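Visitor: Dumping the structure here so I can ask a few things about it.
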Amino acid sequence: MDAAEFRRRGKEMVDYVADYLEKIEKRQVFPDVEPGYLRPLVADCAPQDPESFEEVFKDIEKIIMPGVTHWHSPYFFAYFPAASSFPALLADMLCGGIGCVGFSWAASPACTELETVMLDWLGKMVNLPEEFLAGKDGQGGGVIQGSASEATLIALLAARTKTIRQVQSEKPELTETEIMGRLVAYASDQAHSSVERAALIGAVKIKNVPSDDTFSVCGSALKKVLDEDKAAGLIPFFFCATLGTTPCCSFDKLLELGPICNKENIWMHIDAAYAGSAFICPEFRHLLNGVEFADSFNFNPHKWLLVNFDCSAMWVKKRSDLIGAFKLEPLYLQHHHQESGLVTDYRHWQIPLGRRFRSLKLWFVLRMYGVKGLQEHIRKHIRLSHQFEHLVLQDERFEICAEVVLGLVCFRLKGSNELNEALLKSINDAKKIHLVPCHLREKFVLRFAICSRTVESTHIKFAWQHISHLATDLLKTWEQNHHQQ
């Protein structure tokens with residue numbers, strides 16, 4: 001393919017993507033395929049001779065689309081939103097075109113500098129304390145990670161290195177292995193599984209801190225666990241607080257937890273993967289109060305801020321803590337500006353060496369939507385979640401299982417877990433909308449997350465009517481079965 005054909009085919013592909021997104025609600029949200037569906041549809045091995053673009057293009061609808069779950073459909077209410085917008089898609093195209101690998105400032109100065117500035121823009125939008133911003137001469141700063149899981153792992157590894165060095169300076173007789181064996185990380189029993197995975201990769205113990213009736217961790221619960229562990233000779237070093245948990249969007253009590261972590265010299269990382277985007281709205285910013293106590297903070301613009309995956313924004317108060325944990329300087333990666341105070345080499349802030357020019361997406365979206373446009377997007381989703389909550393509350397067969405704060409509604413039929421499992425199965429088998437469940441304590445609960453950029457009130461009404469009809473049918477058959485028994 002030469003440049004001339006690329007121009008032509010590129011326009012075709014843009015048209016195809018625009019048509020796909022414009023007409024997505026006509027597609028069934030969840031695919032009708034069984035595992036292994038794709039292998040019989042493609043050749044056994046790669047072609048020896050080149051194929052034409054037409055041949056590849058016609059296979060998109062034939063082979064790929066039948067197996068796609070349409071995350072951007074207005075009937076997709078599963079997981080959390082996956083952001084997408086036309087400005088972000090165009091920026092991603094430019095990122096692919098430039099194709100730099102921005103591991104250091106010298107590897108592509110614009111790639112590094114735009115990221116630093118964009119993370120300052122974003123930090124100011126959520127009103128982060130000054131210490132988290134790079135500014136012209138700050139000690140903190142932001143970085144784009146691939147996912148919130150990566151951000152948590154990076155924070156945990158940096159905290160581990162910092163603690164080991166600290167303990168060794170106080171007790172030189174202890175080996176690194178002895179210290180490692182005593183380190184403990186903590187997170188809520190509602191925290192995402194990626195926190196436990198970070199501890200697994202970091203080879204340290206992790207303990208769940210029990211959450212309260214609102215599924216939040218409070219200060220007294222953390223203090224109790226810390227006191228027990230310190231008495232047993234363990235070394236608490238890391239706490240991951242969650243703002244907007246995955247099961248029900250609950251919020252750990254930062255204003256109670258932060259001072260404890262600071263006093264005990266424990267690194268506090270805040271995971272606000274989904275909820276963080278809402279903090280650009282002044283009326284939700286109070287949910288971030290207490291961030292001033294944290295060492296690191298992360299949220300995903302690729303969930304709710306119209307920037308497509310992957311773009312996970314992470315800030316640290318002291319970037320030297322990250323760099324101190326990951327810095328290696330082989331000659332082939334060195335450059336003559338690296339000691340300048342104005343230069344950031346992001347390879348020291350992350351696990352992979354290479355990185356894409358991801359800040360372009362942020363730059364395009366922040367400029368083309370403006371803060372006001374993004375705030376309106378968040379507010380619309382939250383209005384729609386309250387609309388769904390209201391519909392559920394009008395039907396006495398159902399119950400709401402957790403407070404609806406942002407764009408997630410947790411609900412269920414009053415009755416057994418088996419009944420609700422059957423309801424979810426009938427919803428997802430019908431494939432008109434898509435939902436996923438969670439467990440809240442011993443209850444099996446259905447999660448209804450407002451996800452699509454194009455979702456409207458009509459889609460919410462349709463979803464509720466559909467759920468309500470399926471519930472009516474289900475309850476009839478359950479009652480009949482019950483009478484027969």
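The values are calculated or read from the model by the stated rules, or taken from the named source; none is laboratory data. The structure presented is a predicted model; accordingly, all values stated were derived computationally and were not measured. Please note: Cβ atoms are built from the backbone with ideal geometry, for glycine as well, and neighbour counts cover all protein chains shown. Remember, those area values only see protein heavy atoms, side chains included, never the ligands or the DNA or RNA. Shrake-Rupley method; radii C 1.70, N 1.55, O 1.52, S 1.80 Å.
Visitor: Local charge sum around residue 415 (other residues, Cβ-Cβ under 14 Å, Lys/Arg +1, Asp/Glu -1)?
Guide: -2
Visitor: Thinking of segment 358-485 as a set of Cα atoms, what percent of all their pairs are more than 26 Å apart? Walk me through the numbers on the way to the answer.
Guide: Working: 2531 of 8128 pairs.
Every Cα pair in segment 358-485 considered, those over 26 Å come to 31 percent.
Visitor: Please turn the phi angles of segment 424-439 into ³J(HN,Hα) values with the Karplus equation 6.51 cos²θ - 1.76 cosθ + 1.60 (θ = phi - 60°), one per residue in order, whole Hz, x for glycine and proline.
Guide: For segment 424-439, the Karplus curve yields 4, 4, 5, 5, 6, 5, 5, 6, 8, 9, 10, 10, 10, x, 8, 9 Hz.
Visitor: Net charge near residue 9, counting Lys/Arg +1 and Asp/Glu -1 over other residues with Cβ under 12 Å of its Cβ?
Guide: Details: positive: 7, 8, 11; negative: 2, 5, 12, 15, 54.
Every neighbour counted, the sum reads -2.
Visitor: When all protein chains stay in place, what accessible area (Å², nearest 10, 1.4 Å probe) is found for residue 53?
Guide: Near enough 40 Å² of accessible area.
Visitor: In segment 100-356, carbon and sulfur make up what percent of the accessible area (probe 1.4 Å)?
Guide: Here it works out to 56 percent.
Visitor: On a full-extension model of 0.36 nm per residue, what is the gain between residue 46 and residue 376, subtracting their alpha-carbon distance, rounded to one decimal in nm?
Guide: Once the chain is fully extended between residue 46 and residue 376, it gains 114.1 nm.
Visitor: Rounded to the nearest 10 Å², what accessible area does residue 15 show when all protein chains are kept and the probe is 1.4 Å?
Guide: Ignoring ligands and nucleic acids, residue 15 comes out at about 90 Å².
Visitor: Compute the relative contact order of segment 1-102 as a whole-number percentage, counting only Cα pairs closer than 8 Å that sit 6 or more residues apart in sequence.
Guide: 35 percent
Visitor: Roughly what would the spin-label model give for residue 6 and residue 425, points 7 Å off Cα along C-beta, in nm?
Guide: Modelled inter-label distance: 5.2 nm.
Visitor: Shifting gears a bit: On alpha carbon coordinates alone, what is the Rg over Rh value for segment 100-356, Rh being the Kirkwood radius?
Guide: 0.96
Visitor: For residue 176, what accessible surface area do you get with a 1.4 Å probe? Give it in Å², rounded to 10.
Guide: Its heavy atoms expose roughly 100 Å² to the probe.
Visitor: How large is ³J(HN,Hα), in whole Hz, for each residue of segment 399-407 in order, when computed from phi with the Karplus curve 6.51 cos²θ - 1.76 cosθ + 1.60 and θ = phi - 60°, using x for Gly and Pro?
Guide: Whole-Hz 3J(HN,Hα) from phi for segment 399-407: 9, 8, 9, 7, 4, 8, 9, 10, x.
Visitor: For segment 226-333, calculate the relative contact order in percent as a whole number, restricting contacts to Cα pairs under 8 Å that are 6 or more residues apart.
Guide: In percent, rounded to a whole number, it is 21.
Visitor: Would you please give the residues with an amide H less than 5 Å from that of residue 235, counting only those at least 5 places away or on a separate chain, with H modeled from the backbone geometry?
Guide: Result for residue 235 returns 183, 184.
Visitor: When you count, for each residue, the other Cβ atoms within 10 Å and take the mean per peptide, how do 134-141, 241-248, 345-352, 297-304 rank with the highest first?
Guide: Highest to lowest by the protection proxy: 297-304, 241-248, 345-352, 134-141.
Visitor: Relative contact order of the chain, please, whole-number percent, based on alpha carbon pairs below 8 angstrom and at least 6 residues apart.
Guide: Relative contact order for the chain comes out at 22 percent.
Visitor: Also: Starting from the residue with the highest accessible area, list 7, 27, 356 in decreasing order, probe 1.4 Å.
Guide: These residues rank, largest area first, as 7, 356, 27.
Visitor: Next up: Would you kindly derive the ³J(HN,Hα) couplings of segment 117-133 from the backbone phi angles with the Karplus curve 6.51 cos²θ - 1.76 cosθ + 1.60 (θ = phi - 60°), listing them in order in whole Hz, with x for Gly and Pro?
Guide: Once rounded to whole Hz, the list reads 5, 5, 5, 5, 4, 5, x, 5, 5, 9, 6, 5, x, 3, 4, 7, 9.
Visitor: What whole-number value in Å² describes the accessible area per residue of the chain for a 1.4 Å probe?
Guide: 47 Å²
Visitor: What FRET efficiency do you get for residue 255 and residue 168 if R0 is 41 Å and r is their Cβ-Cβ distance, rounded to the nearest 0.05?
Guide: 0.80
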